[in-house]
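Trainee: Got a structure for you, questions after.
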Amino acid sequence: MKAPLPPVRLVPPHWVRTTTASGAFSGMSEPDSPSLPSPVPTQAPGADGPTPPVTNPPEPAAAENAGFRLLPPPPAAQFAVERSEDGRLVLGNEGLELDGELFAWRELEAVDVQPVRWLLGVLLGAFSFCGFLLGFLQYWLRSLPAALGMALGVVLMAWGGRGTNRWRLHRPGQEARHFALSGGARSWQRLAQEANQRIRQRHHEAAATAAYYLQRADYQALPPAPESA
């Protein structure tokens, strides 16, 4: 009689998930490994169900309208009154007065001054001086008449060399006004520079005021900002 066979224990096959790219063993997992969470199904675009409310973004004009703030133009600058040495030119706060005529700063475009020499006086003085000197050297004239003639020639040359200062007032759309003022050229040039600074300042203030009112009109024409949901 044969001996009884020992009991046989059946072990189920155990597969290990590898890193292979094929999905042959992807369905198998270890018994002790934790199960991965299943993906949450998303709702199809055509499926029925409540949809979250969509808030429309504010329009650019409305957003600008909500945070835009206009600043008024700065107050006008105040200028001190300056006068020339002879009192013919006065630089005021609102305009320029020259020989009794008043010109507003906004009426003018620019001012320039140029020293002018009187060539006729210079030539007459030079010829007079040379003629009397030649007559004295050639014994045609006595000492007193020659001295008077040469003095007259020197005065004519000095008068023509000093000349005058020609002022030109440039006005937009009109012809320039010309004025002749005597005196040192340096002081007139300083006054002309100050006048140009005041003209530019008044034009800048007028442009800033016009831009402010234009932006204000555009701001009032914008549609009102929509209320947030």
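Trainee: Name the residues whose placed amide hydrogens come within less than 5 Å of the amide hydrogen of Leu96, ignoring near sequence neighbours (fewer than 5 apart) on the same chain.
Mentor: Result for Leu96 returns Phe103, Ala104, Trp105.
Trainee: Now, a different point. Provide, as a two-decimal number, the C-alpha radius of gyration of region 82-221 over 2.2 N^0.38 Å, N being how many residues it has.
Mentor: 1.69
Every read-out reported here was derived from the displayed coordinates using simple, explicitly stated rules and does not represent laboratory data. The structure presented is a predicted model; accordingly, all values stated were derived computationally and were not measured.
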